[in-house]
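One structure is given here, and the rest of the page talks about it.
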Amino acid sequence: MNPAADLPASAALFATSPQWPGRVPRRLTLPATSVWDNLAINARRYPDHAALVFFDQTISYSQMCAQTERLAAHLYQQGVRKGDRVILLMQNCPQLVLAHYAILRANAVVVPVNPMNTAAELAHYISDADARLAITTADLAAALCEASASLPAAQQLAHLVISLLSDTMPADAAAQPDFPPAWAPWLLGAQPLPGAALLGTTTVSRWLDAVACAAEPPALDVSASDMAILPYTSGTTGLPKGCIHAHSHVQHAAMAGVLWGRQSTESVNLVVAPMFHITGMVSIMHVLVCAGATLVIMPRWDRQLAAALMARWRVTHWANIPTMVVDLLASPKLAQMDTRSLVYMGGGGAAMPQSVAQRVKEVWGLDYIEGYGMTETCGASHANPYEHPKQQCLGLPHIGMQSLVIDTETWLPVPDGEVGEIVVQGPQVLQGYWKQPAATAASFVEVAGQRFFRTGDLGYRDAYGYFFLTDRLKRMINASGYKVWPAEVESLMYRHPAILEACVIAAKDDYRGETVKAVVVLRQGQQGLVSAQDIIDWCREHMAVYKAPRVVQLVEQLPKSGSGKVMWRLLQEKEQ
């Protein structure tokens, strides 16, 4: 029996918000072109306009387009063909943007990977994506080679393109005002390439040689329905899953972001949100290239450098996470910082505390614009309009998106104000999980004959059509905007020889909002030999730092249900 069979026509399910900004359409006509075409078109329109800025080294749109074509030619020479997956492992830098568009120009698929992952974690991305080529920076190459070497020979990387971070930096970068001295060894050091023992059969090209390739790139041969990106997300099963997104998904998100966010060629954006993450990659990078805007790139957060870049480049837009804003507001030099050019400040991934939002209003005269989205929705599925934003609110369903709140048992929509699971549909929702048909099927629900993606987040819609988050249906920890999936952390912790059982929960953190806590039972004979700090130190060596538990509690046993399952929710409730 289908509980949705007796629902009224689907159009009646969606409230029309009186707060919808009249300046933007509710639907978009999508181009049939690829994502790379956005760069090519703007390179012809605005050849000398600044596309990327990195420590005052400027790359114009025409230069950016030319370098992506050279790199695409090199990838083709190394055997990359249409639909092949290519690993992209980098911190924020111009090379990340250039490599991303070069992979698309080569008719291939970008597999963006968090550079904080360890070798043990990286191996999964290589093998699951069936990737044979990767582009990275020298500081991360050793971990990638170690990950590749741990796999069977048939699954190992065949080729690496490795860049020095300094390849796109001015020679006098360290002498520039407000350059963080602690960054010099990392950014300017000539890190050695991996040796033959670590590389094995993997061949290597240097970045500067690859972008000087004189061969012709392949003919552009992708349609709107072809896969463009394969970002990974974790969940209750532990291992990350790839989200299949076509060029049309990214194009819709980019065009909608330009219109909603008031972006144009005259926009100058401070880009510090990581561009390996779906928000930085789609809602920032692809939106801005689509608009022909300027990206002032920061490799990591530093409040003094951020303020200096805002002043020097007259930054107009800054998408961030709340911890960055808190840090900037805490600067003793705040009154001397010239940030008057800002016309937009906002973000997603973590709720902005109301007191901080009020300070933003007092200091900059701006409303902090919050949004909501997932890797599965290719960026923002909900956003607050400039004209009528609400604090600690997901916002309205984005252009072209539809969203409901449904009862988790009947799958029927609930009245406004009543809590249920938030579900979404639209042209940005993933086609499915890579090689995971069962997980794909479980993530969708049919409501009134229409297919909706289940976000796993609980919330409600108010009478004006705004959506609010109240709780999570899925186990997930939100630490400074980074999503941490307890099942994945637990599976990594079980590799520790002294750990018998582990349960990962969220603990409150004044700065990060939430942090990772592990409740651990040691194996017999390990009590007194292994401390909580020992486990914390081990975790930091074996998993990305944002995933690693900052708190470990040693207990004699974990609470379990009659069927033997660990009652994680009971531990979570005790912690709260």
- request: Considering each residue of the stretch 270-321, count those that are in a helix (DSSP H, G or I), in contact (Cβ under 8 Å) with a residue 40 or more places away in the chain, small (Gly, Ala, Ser) and farther than 19 Å from Ala173 by Cα, and give that number.
  value: 2
message: Can you report the number of residues in the stretch 88-101 which are touching an Asp or Glu at 6+ places or on another chain (Cβ under 9 Å) and farther than 19 Å from Tyr125 by Cβ?
response: 2
- request: Mind listing whichever residues of the stretch 147-173 are more than 21 Å from Gln78 (Cα to Cα) and under 29 Å from the mean Cα position of the chain (by Cα)?
  value: Ser150, Leu165, Ser166, Asp167, Thr168, Met169, Pro170, Ala173
statement: Counting only residues that are on the phi > 0 side of the Ramachandran plot and of a type outside the set (Gly, Ala, Ser), the stretch 328-386 contains a total of 1
message: Only one of Trp260, Trp313, Trp301 is of a type in the set (Phe, Trp, Tyr) and touching a helix residue (DSSP H, G or I) at 6+ places or on another chain (Cβ under 7 Å). Can you tell me which?
response: Trp301
- request: Output the residues belonging to the stretch 218-253 that are part of a helix (DSSP H, G or I) and within 15 Å of the chain's Cα centre (by Cα).
  value: Val250, Ala253
query: Would you call Ala51 touching a residue at least 60 places away in the same chain (Cβ under 8 Å), buried (at least 16 other Cβ atoms within 10 Å of the Cβ) and not in a helix (DSSP H, G or I)?
result: yes
- prompt: Out of (1) of a type in the set (A, V, I, L, M); (2) under 30 Å from Leu342 (Cβ atoms); (3) surrounded by fewer than 16 Cβ atoms within 10 Å (Cβ to Cβ), what's the single condition that is false for Ala219?
  reply: (2)
message: touching a residue at least 24 places away in the same chain (Cβ under 8 Å) and over 28 Å from Arg105 (Cα atoms): is that true of Pro181 in this structure?
response: no
Selection count where residues are surrounded by 15 or more Cβ atoms within 10 Å (Cβ to Cβ) and not polar (S, T, N, Q), scope the stretch 405-454: 27
statement: All conditions in (1) assigned to a loop (DSSP other than H, G, I, E, B); (2) free of Cβ contacts under 8 Å to residues at least 40 places away in the same chain are true of Ala441 except (1)
- line: Reported set for the stretch 255-267 where residues are surrounded by fewer than 24 Cβ atoms within 10 Å (Cβ to Cβ) and either assigned to a helix (DSSP H, G or I) or in contact with a strand residue (DSSP E or B) (Cβ under 9 Å, 6 or more places away or on another chain) (or both) is Met255, Val258, Leu259, Arg262, Gln263, Thr265, Glu266, Ser267
query: So is Ala184 more than 29 Å from the chain's Cα centre (by Cα), outside any loop (DSSP other than H, G, I, E, B), at pLDDT below 95 and assigned by TED's automatic domain parsing to the domain that holds Ile59 or not?
result: no
query: Is the stretch 188-195 home to any residue that is under 22 Å from Arg85 (Cβ atoms) and modelled with pLDDT under 95?
result: yes
statement: Those helices (runs of 4 or more DSSP H) completely within the stretch 470-576 that have 2 or more residues that are free of Cβ contacts under 8 Å to residues at least 40 places away in the same chain, surrounded by fewer than 20 Cβ atoms within 10 Å (Cβ to Cβ) and basic (Lys, Arg) are 568-575
query: So which residues in the stretch 90-134 are surrounded by 20 or more Cβ atoms within 10 Å (Cβ to Cβ), without any contact (Cβ under 8 Å) to a residue 60 or more places away in the chain and out of contact with any Lys or Arg (no Cβ under 6 Å at 6 or more places or on another chain), if there are any at all?
result: Ala102, Ile103, Ala108, Leu122, Ala123, Ile126, Arg132, Leu133, Ala134
query: Restricting the stretch 135-146 to residues that are more than 21 Å from the chain's Cα centre (by Cα) and surrounded by fewer than 23 Cβ atoms within 10 Å (Cβ to Cβ), which is farthest from Leu188 (Cα to Cα)?
result: Glu146
task: State whether one or more residues within the stretch 419-434 are outside any loop (DSSP other than H, G, I, E, B), hydrophobic (A, V, I, L, M, F, W, C) and under 29 Å from Gln576 (Cα atoms).
output: yes
- prompt: Do you know which residues across the stretch 364-383 are without any contact (Cβ under 8 Å) to a residue 40 or more places away in the chain, assigned to a loop (DSSP other than H, G, I, E, B) and not aliphatic (A, V, I, L, M)?
  reply: Gly365, Asp367
- request: Could you check, for the stretch 156-169, whether at least one of its residues is in contact with a Phe, Trp or Tyr (Cβ under 9 Å, 6 or more places away or on another chain), assigned to a loop (DSSP other than H, G, I, E, B) and surrounded by fewer than 22 Cβ atoms within 10 Å (Cβ to Cβ)?
  value: yes
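The values are calculated or read from the model by the stated rules, or taken from the named source; none is laboratory data. Bear in mind that the values here come from a model prediction, so they are computed numbers and not experimental data. Here the Cβ is made from the backbone with ideal geometry for all residues, glycine too, and neighbour counts use every protein chain on show.
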